[in-house]
Structures are given as C-alpha cells and as structure tokens.
Amino acid sequence: MPVVVVIGGQWGDEGKGRVVDFHSRYCSVIARYSAGNNAGHTIMNDQGKFALHLVPAGIFRGDKAAIIGHGCVIDPAKLLEEIAMLTERGVSVARLMVSQGAHIIMPWHPIIDRADETLRGGAAIGTTGTGTGPAFHDKVSRIGIRVADLLDREVFAQKLRAALEYKNRVLTSLYGLPALEFDAIYREYLEYGQRLRPFVADTMAYVQEADERGEMILLEGAQGALLDLDTGTYPFVTSSVPASVAAGGAIGIGLGPTAIQRVVGVYKSYQTRVGNGPMPTEMFGAEADEIREGGGGVAGTAEYGATTGRARRIGWFDGVLARYTARLNGVTSVALTRLDTLSHAERIKICVAYEVDGNRVMALPATLAAMERAQPVYEDLPGWQADVTHARSLGDLPIEARQYVRRIEQIIGAPIDMISVGPERDQAIVTRDIFGASLT
Ligand code: GDP
Ligand code: IMO
Ligand code: MG
C-alpha cells in the first residue's frame, strides 16, 4: 500500500490542507512530519472553516489516526489551544497522537525569533515570529527539549536548568533582554506536559506497524520546496530539519525512503509568497491587489496568511521554479489549486524562462543575487473570464482554462490529477485517483 506525501511546490500556502482533507478519506493514518505552527493550513468542509497550524488536516475524518511526528516542533500552548478549538467545534481529537520525540518551542524561542529579525535589519527574513526557527536551531545545537522530557519532572528540571543557563546568557548579553525565570517556566510546561500526556505516543512504531499492515498513510507537508532550508531560496527560507520537501517525510515520521511511493505536488495557479526574498514573477499595484482579494473566484478567499494575517505577495505562475521543485520532490501527481481565482483575467502569463545578464536560463539561478536580477520570460495566454467554481470535470472548464492547465502540466512534467476551483472540499475536478481506490 502506498505511502503518499503531499508537499508544497512553491513558497507555501498552495492549498496543502485542502488537498490532504480531500485525499484523507482513503487513508488510515495522516501525519505531519516537519515544521511547527509557522504552518497554517485552511480547510473548508461540512464541519466549517478551520485554520490548523499543527494538527494534521486528517483530523476531520474521525476514524483515522492523526499524527504529529517527531520531525515537528510543538508549541504546547498553541497545540492545546488548537485541540480545545476543535473539541469545542465538535471535531473529535480521540485519535490524535503526538510523538514523544518532537521538540518543544520554549518561551525563549519566539523572543529570539523576533530579536533576530530586528538584528537582521534590512536583511530580515520576514519570519512568522512563532519561534519555529530558533526551536530547530536548538534541535541541531543538541540542547532541545522534547515532548517526553515534559513528562518527567526530574529530567525536565535538569534540561530546563541547563538550557536556561545558556539561553539567559544569550538573551542578556547578545540581545540586551531580561533573563527568564526557571520556576514559572518549569510549572507552566510541566502542566502542558500533563495535559498533552493522553496524546503522547510512540508514533514512529505506530506508523511503521501501520505500514507493515498495508494501511494507507498520508504525510502532510508544510511550507513549500522554495522555502526549504536546503533547496529553497536561501537564506529566505524556513528552518525545518527534516526538510519540508518529500524526502523529509520519511525521516520526520520514521519510515525508510522506499516506503514513499507517491508524491503529490500542490501548486497554486499563480505564485504567492509571504515574507521577504526573491520572487521573479512578482506583480504589483492593481493587478496584484485584484488576485490578492480573490480575483474572479470565490469571495472570502483573499490571499492573507493563515498564521500571521500578512498580505501575501502575488506573482504569475513561475514554470522555471515549478519544474525545479517537481524534480527535487519526485512529484508523481499534481494538484493545481485556485484556478477560480484567475477567472477575472483577460490575459494570463506563465514564466517559462529567465533572462539573467543577457542569457536565457531555464534553471534556478545559482546565487541569490542572480535570482534577484532574473527577468521572467513570459508566455501570454488568453483568460477564460467565466465562473469555473461549478466545474467538476475537465469538460466543464472553458477551453482557455483547459489550455492553461495543460500548459502548466507540460512545464511541470507530471500529470495534473486534481484541479481545485473553490476552497470547499467538493470544489475540485479529480481526474485520476492517486490511491488506486475508486472515486465516489
Ligand atoms: P496551505 O498552507 O498549503 O494549506 O494553504 P493555506 O490554507 O495557507 O492557503 C490556501 C488558501 O487558499 C486558503 O485560504 C484556502 O481556503 C484557499 N483555497 C484552497 N483551494 C482553493 C481554491 O481552489 N479556490 C479558492 N478560491 N481558494 C482556495
Ligand atoms: P504553510 O505550511 C507560507 C515563511 C515565512 C518566512 C519564512 C521563514 O502554511 O504553507 P519561519 O517562521 O518559518 O522561520 O519563516 O518562511 N513561511 C511560510 N510561508 N506558508 C507557510 O507554511 C510558511 N511557513 C513559513 O513567511 O518568509
Ligand atoms: Mg498556509
């Protein structure tokens, strides 16, 4: 049975949450494997509209295991808030499991996240300020505190004391900020540990056994390949270890690389980016505003961050980057989202190459400086200027919309099996079932 990874092919916010929510019906296990609550996944289904930051989008199918794997970092207060919100709204969390090996976002992490951004000045990354980056920094520095540590009073006391001794020096000497007190943090985080205890499990063993039983497992990526620490537009990237790209899925949940058989690349019909960094096809002014506010598609789906509320930067679909991310993720199937949003446009552009210093290139420029100088070479296609939100088969789409989808498919080099035409679960055209189960 396949393990399927769903990844973002751009700079995040491609619609991974809605794609996972759709496909999760065929799976027994849905698991997050990297990142923290810097992610924001929006799901609209028969139970309402939800923005999830840590809990996998499979939580809405009550009979599935929803797992937060050891590759994630967890802000316990935020996770408890999310659990309370779901419970209040009638979504069962009975099958939520949290890895004992996931790292904890501690109080100094958001403080350092913001202080680092201030120190970077004009070179600020535009992080989410959630402390995710500094928590991964502590993980690779080998001073991180993990979920299991919160469950043992003595171990936690010892680890917190050691971490604070180091972190308070950093806070006071480097940043000129007040030191943090041991007692208050110790009490607060021990209590979080007790409240999370019912969810804590050996998720690695659980997933491995589910895989051996032949159950279908869906791994929910966060961010996008262009934000990845190794493959993205460094240094304007996020800090997850393991990577948010598909290969990170195996590491972050505890499976071997051969377990992953399919990779769904989620791509928006145009580009968005929150935070700073190069974006060759970025557009500005009224043209960008129109798409940001939802374009010609479903009202109420404006492009503002699900985590920070920041306005997303907007650009035309970048075929150079899309092909690059499809290859490095081994994408076998594409979900193209938000086709409805472009319904207003008379003409639509697709970037098919860059001009860098007079040379035409089809690859990601090697340096940040070169990427900043890259001028997009566009193909110009006719728009469809018609409502597509009711389309449920390719034949329901205007010819211009089909041409646009086909051209993107050619450029990416993998089949587009799902096209979303609205944010609701059923607002999609699904042409090929990626699980081999029958489509109903
Ligand atoms: P994720 O982080 O990849 O899960 O994506 P986000 O949830 O952050 O951002 C995607 C946004 O697009 C959300 O507001 C979704 O509700 C919305 N969305 C997803 N698919 C569609 C679609 O086909 N049409 C429209 N109009 N909105 C969509
Ligand atoms: P989902 O899973 C979009 C961006 C931030 C910033 C950079 C580094 O919803 O697609 P960080 O706080 O991670 O250190 O910020 O990465 N970023 C995202 N952008 N979607 C996300 O997640 C993101 N997670 C981080 O805006 O540019
Ligand atoms: Mg998002």
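The values are calculated or read from the model by the stated rules, or taken from the named source; none is laboratory data. Predicted model, so just to flag it, every value in this text is computed and none were measured. Cβ sites come from the backbone with ideal geometry, for glycine too, and all protein chains shown count toward neighbours. Each accessible area value is taken on the protein alone, full model and side chains, heavy atoms only, with ligands, DNA and RNA left out. Shrake-Rupley method; radii C 1.70, N 1.55, O 1.52, S 1.80 Å.
Look at the stretch 99-118: where a residue is closer than 12 Å to His137 by Cβ and a partner is in a strand (DSSP E or B), sitting 6+ places away or on another chain with Cβ atoms under 8 Å, you get His103/Cys72; His103/Val73; His103/Ile74; His103/Arg146; Ile105/Val73; Ile105/Ile74. Screening the stretch 219-240 for residues that are more than 16 Å from ligand 3 (Cβ to nearest atom) and out of contact with any helix residue (DSSP H, G or I) (no Cβ under 6 Å at 6 or more places or on another chain) and picking the one that is least open to solvent (accessible area, probe 1.4 Å) gives Phe236.
Checked against the criterion of being within 25 Å of Met371 (Cβ to Cβ) and open to solvent by 30 Å² or more (accessible area, probe 1.4 Å), the candidates Ala247, Ala243 yield just one match: Ala247. Among residues of the stretch 301-324 that are assigned to a loop (DSSP other than H, G, I, E, B) and away from ligand 1 (no atom under 16 Å from the Cβ), those with a beta-carbon under 8 Å from a residue that is at pLDDT 95 or above and open to solvent by 20 Å² or more (accessible area, probe 1.4 Å) at least six positions away or on a different chain give the pairs Trp316/Lys349; Trp316/Pro376; Trp316/Tyr378. Scanning the stretch 144-198 for residues that are open to solvent by 90 Å² or more (accessible area, probe 1.4 Å) and either among the aliphatic types (A, V, I, L, M) or touching a Lys or Arg at 6+ places or on another chain (Cβ under 8 Å) (or both) returns a single hit, Leu174.
Mind listing whichever residues of the stretch 246-282 are of a type outside the set (Val, Ile, Thr) and part of a loop (DSSP other than H, G, I, E, B)?
Scanning the stretch 246-282 gives Gly254, Leu255, Gly256, Ser269, Tyr270, Gly275, Asn276, Gly277, Pro278, Met279, Pro280.
Candidates are the residues of the stretch 410-433 that are closer than 14 Å to Thr301 by Cα and assigned to a strand (DSSP E or B); the one that is nearest to ligand 3 (Cβ to nearest atom) is Ser420.
Inspection of the stretch 228-245 identifies no residue that is assigned to a helix (DSSP H, G or I) and either closer than 19 Å to Phe435 by Cα or assigned by TED's automatic domain parsing to the domain that holds Gly69 (or both). The residues of the stretch 380-418 that are small (Gly, Ala, Ser) and open to solvent by 30 Å² or more (accessible area, probe 1.4 Å), listed by number, are Ala386, Ser393, Gly395, Gly413. Let me spell it out: the conditions are (1) buried (at least 18 other Cβ atoms within 10 Å of the Cβ); (2) more than 26 Å from Leu229 (Cα to Cα); (3) touching a helix residue (DSSP H, G or I) at 6+ places or on another chain (Cβ under 9 Å), and Tyr26 meets all of them except one. Which number is the exception? (3) is the only condition that Tyr26 fails. Note on the stretch 353-379: residues that are touching a helix residue (DSSP H, G or I) at 6+ places or on another chain (Cβ under 6 Å), of a type in the set (A, V, I, L, M, F, W, C) and open to solvent by less than 30 Å² (accessible area, probe 1.4 Å) total 1.
Taking the criterion of being out of contact with any strand residue (DSSP E or B) (no Cβ under 8 Å at 6 or more places or on another chain) and farther than 11 Å from Gly296 by Cβ, the only residue of the stretch 340-357 that qualifies is Asp357. Checking every residue in the stretch 34-55 against the condition of being basic (Lys, Arg), near ligand 1 (Cβ under 10 Å from one of its atoms) and open to solvent by 10 Å² or more (accessible area, probe 1.4 Å) gives at least one match.
Per the conditions (1) crowded, with 20+ Cβ neighbours inside 10 Å; (2) without any contact (Cβ under 8 Å) to a residue 12 or more places away in the chain, the sole criterion not satisfied by Thr87 is (1).
When you look at Gly295, is it free of Cβ contacts under 8 Å to residues at least 60 places away in the same chain, more than 11 Å from ligand 1 (Cβ to nearest atom) and in a loop (DSSP other than H, G, I, E, B), yes or no? When the stated conditions are applied, Gly295 does not pass them.
Pairing residues of the stretch 174-189 that are within 19 Å of Val147 (Cα to Cα) with residues that are aromatic (Phe, Trp, Tyr) and modelled with pLDDT of 95 or more, at Cβ distances under 8 Å and at least 6 apart in sequence or on separate chains, gives Tyr186/Phe156; Tyr189/Phe156. Among the residues of the stretch 332-381, those identified as hydroxyl-bearing (Ser, Thr, Tyr) and either touching a Gly at 6+ places or on another chain (Cβ under 8 Å) or without any contact (Cβ under 8 Å) to a residue 60 or more places away in the chain (or both) are Ser333, Thr337, Thr341, Ser343, Thr367. Here Val98 clears all of (1) out of contact with any Gly (no Cβ under 8 Å at 6 or more places or on another chain); (2) open to solvent by 30 Å² or more (accessible area, probe 1.4 Å) except the condition numbered (2).
Examine the stretch 357-380 for a residue that is assigned to a loop (DSSP other than H, G, I, E, B) and over 22 Å from Leu321 (Cβ atoms), and state whether such a residue exists.
Applying the first criterion (assigned to a loop (DSSP other than H, G, I, E, B)) to the stretch 357-380 yields 357-358, 362-367, 374.
Pick out the ones that are also over 22 Å from Leu321 (Cβ atoms) and you get none.
No, that holds for no residue.
Selection over the stretch 71-81 of residues that are surrounded by fewer than 24 Cβ atoms within 10 Å (Cβ to Cβ) and not aliphatic (A, V, I, L, M) gives a count of 3.
Residues are listed down the side, and each one gets a yes or a no for (1) within 16 Å of ligand 3 (Cβ to nearest atom); (2) part of a helix (DSSP H, G or I); (3) not assigned by TED's automatic domain parsing to the domain that holds Arg32:
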residue: Ile111; (1), (2), (3): no, yes, yes
residue: Glu117; (1), (2), (3): no, yes, yes
residue: Arg120; (1), (2), (3): no, yes, yes
residue: Thr127; (1), (2), (3): yes, no, yes
residue: Val155; (1), (2), (3): no, yes, yes
residue: Thr172; (1), (2), (3): no, yes, yes
residue: Ala179; (1), (2), (3): no, no, yes
